[in-house]
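Each remark here refers to the structure printed beneath this line.
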Amino acid sequence: MTTATILSRDGISGEESASVCARSRIYALFSRTFSFPEDRLHLEIRENRWLQDLTTACAGLPYHFRIPQSLRWDVHADYDVFQSGYIRLFEVGGRAGPPCPLHSGHYGQDRLRTMEELVRFFSFFGVRIRAGLMPDHASVELEFMHYLSRQEAEAEDEEERLSCLRAQRDFLNRQLAGWWPALTARVKRERGGGAFYRSAVSLAGRFLEAERVYLSRQISDS
C-alpha cells in the first residue's frame, strides 16, 4: 500500500508526459504551500524561486493558464512573522475556529462524514495518510491530486489513463472544487495573513477551475 506523503519533492521522469508532469508539479507546489510553512519555503518565496518554479510549471500545462500580474507575492523578511500570518489566517481563531480554515470539513454540515468519505477515496486507491495529518486538510487533498496525476503519467494503456482521469475529475468535483471558492471568499475578507497567502489561495482556485474544465473535456473527448 502506498503512503501519501505531504510536501513531496520527488519529480517525474522525463520520459513521462510533459503536460502531466506540469500538472502534477503544480499540485505538489500548492500542497507544500498550504502546509504549515517551513523556513525553507519562506526563503524560496523571498528569493523568487517559488514563483519561478510555479511559472515554469504553468508554461508546460496542456491548456492556457496565466498568473495574473495583479497578484502580490511579497512576504515579510522575518520568518516568524510569515509563520504567524499563516497561523492567524488558517489555524487560530475564536470559538468558531480560524477565519479561513484549510480543512474542507469546516465548509460542510458534517465534518466527520467528509473525512470518512475522503478516507474511503484514499483507501480505494491504496493510499493511507501519514499519522498526524487530517484527511480533509487542503495540503492532503492537493497532494492526492498530485498522486493521481502521477498515476495517469504511469498508465500503461489508454483505458488505464482514462480511469485515472475520471478519478481526478471525481475527486476534484466532489472535494477541492466544492469548497475552495468559500475559502477564497473568506481570505478576501481578511486583512491579516499577508499578501502572499491571499494571492496563493486565489491562484490555486483559478488553477482548480481550469483543471476541472480540462479534465471534463479530456474525458468527453475520449
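Each value in this text was obtained by applying a stated rule to the coordinates, not by laboratory testing. Every value quoted in this text rests on a predicted model; they were computed, and no experiment measured them. Cβ: placed from backbone, ideal geometry, glycine included. Neighbour counts: every protein chain shown.
Below is a table of values for the structure above.
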quantity: Fraction in percent of alpha-carbon pairs per bin - 10 Å, segment 11-220; calculated: 8, 35, 37, 18, 2, 0
quantity: Net charge over other residues, Cβ less than 10 angstrom from the Cβ of Y79 (K, R count +1; D, E count -1); calculated: -2
quantity: Residue (of S19, T33, L183) at the positive-pole extreme of the chain, dipole from beta-carbon charges; calculated: L183
quantity: Mean Cα-pair separation over length for the chain, i.e. relative contact order, pairs under 8 Å, 6 or more apart, %; calculated: 28
quantity: Using alpha-carbon coordinates, inclination of helix 195-220 to the longest axis of the chain, degrees; calculated: 20
quantity: Trypsin sites (Lys or Arg not before Pro) within segment 148-222, DSSP loop, no more than 10 other Cβ atoms inside 10 Å; calculated: R191
quantity: Cα-centre dipole for the chain with unit charges at Cβ (Lys and Arg positive, Asp and Glu negative), debye to 20; calculated: 1000
quantity: Sites A182 and D110 - FRET efficiency at Förster radius 25 Å, r taken between beta-carbons, to 0.05; calculated: 0.95
quantity: Projected label distance in nm at A77 and R49, using a 7 Å step from Cα toward the beta-carbon; calculated: 2.0
